[in-house]
Amino acid sequence: MPFDDFIPLGLYVFFLFWIGCIGSVVGSFLNVLAYRIPRGMNIAFPASHCPKCGAKIRPWHNIPVLGWMILRGKCKDCHEPISPMYPIIEALTGFFWLIASMLAFPLTNNNFTLWTLYSLGAGIVLSVFWGFFLVWINKKS
């Protein structure tokens, strides 16, 4: 592994795990943008809610990917199905961030701080493009 002289494997895996988690959280926000912008809704208010019954989503059900799995793809209150596109977009965004981080390493000359900044920057840039694409697709449908 090319990182042996730079960082321990455990720290490398830990860093990549958290980069993937941050990317999934960004993916969750991209879902909000892709749903609300085409409908002319405010992106901050009201808080996350079921689009069918309007029930507020509890914080522990709003965890990217895991929340959908905990609920088994259905609203806790009205039991209507929640689209699997939500966790798919969250997981894909987390994966994009993970890949961006792995690809950024050779550009940083083994500097952990620079690697972190490049990883976050690359993930943000990818998310902006991905977000525009999702909003554009949602406007077309």
*Magnitude of the charge dipole, segment 24-140, Cβ model with Lys/Arg +1 and Asp/Glu -1, debye to 20*: 420
*Picking from C50, I22, A34, whose Cα lies most toward the positive end of the charge dipole for the chain (charges on Cβ: Lys, Arg +1; Asp, Glu -1)?*
C50
_Taking 8 Å as the Cα distance limit and 6 or more residues as the minimum spacing, I'd like the relative contact order of segment 24-140 as a percentage._
33
*Gaussian network model of the chain, springs between alpha carbon atoms under 10 Å - residue of G123, G40, G20 with greatest fluctuation*: G40
_Exposed loop sites here are trypsin sites (Lys or Arg not before Pro) in DSSP loop states with at most 11 other C-beta atoms within 10 Å. What is the longest stretch of the chain lacking them?_
73-141
*Have a look at L16, L92, L71 and tell me which one the Gaussian network model of the chain (Cα, springs below 10 Å) gives the largest fluctuation.*
L71
_What distance in nm separates the two pseudo spin-label positions at A44 and V32, each 7 Å out from Cα along the beta-carbon direction?_
1.0
*Among V65, V125, which comes first, second and so on when ranked by fewest other beta-carbon atoms within 10 Å?*
V125, V65
*asked:* Springs between alpha-carbon pairs under 10 angstrom, Gaussian network model over the chain: which of W60, W18, W130 fluctuates most?
replied: W60
*Pop a pseudo-label 7 angstrom from the Cα along the beta-carbon direction at both S83 and K56 and give the gap in nm to one decimal.*
2.5
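Values quoted throughout were computed directly from the atomic coordinates according to the rules given, and no laboratory measurement underlies them. No experiment lies behind these values; they were computed from the predicted model shown. Counting neighbours? That spans all protein chains shown, and the Cβs are built from the backbone with ideal geometry, glycine included.
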